[in-house]
1. Hey, what angle do you get for helix 2-17 against the long axis of the chain, alpha-carbon based, 0 to 90 degrees rounded to 10?
2. What nm distance separates the two modelled labels at LYS106 and ASP19, each placed 7 Å from Cα along Cα→Cβ?
3. Could you compute Rg(Cα) / (2.2 N^0.38 Å) for the range 26-118, with N its residue count?
4. May I ask you to order 67-76, 90-99 by the average number of other C-beta atoms within 10 Å around their residues, highest value first?
5. Highest mean first, what order results for 19-32, 49-62 on Cβ atoms within 10 Å?
6. Using only alpha carbon pairs under 8 Å that are at least six residues apart, calculate the relative contact order of the range 58-120 and give it in whole percent.
Amino acid sequence: MKKVVILILMAAGAYIVYDRVIKEKEVLEINADKQITTNQSMDINAPAITPSRYGMVRGTVKNISDNEVTNIVLKYKLNGEPVEARIDELEPGEQKNFATKSIMLKHQEVTFFLEEMSYE
């Protein structure tokens, strides 16, 4: 029984050391979603054309660290195509909105994910 208690205490101590010393602290909190727009062509004499669909990634980024963060680059994949957003600087606790460029969508199912994030 004594060995089990010592083992549990060692595991708890290792986790605390990992959590407080080794593990990287989060710096940015990112909330993003896709925005889809549709453009209709309006000409009475023209045949019906499938509307064009465009998409972009919009959201907010918040600095949750105690230091200023500069040169933030968020690289997303939107339907397999790379799009990115840039933010010059964020003070501690500051939150800013961001948006990527709009691209024409080729597929009905729209997917996106954060591919890479960099900052200084």
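1. On a 0 to 90 degree scale, this one is about 50.
2. Roughly 4.7 nm, to one decimal.
3. That works out to 1.37 for the range 26-118.
4. In decreasing order of mean packing, 67-76, 90-99 become 67-76, 90-99.
5. In decreasing order of mean packing, 19-32, 49-62 become 49-62, 19-32.
6. 45 percent
Any read-out appearing in this document is the output of simple, stated calculations on the displayed coordinates, not a laboratory observation. Just so it is clear, the structure is predicted and the values come from calculations on it, not from any experiment. Glycine also receives a Cβ, built like all others from the backbone with ideal geometry; neighbour counts cover every protein chain displayed.
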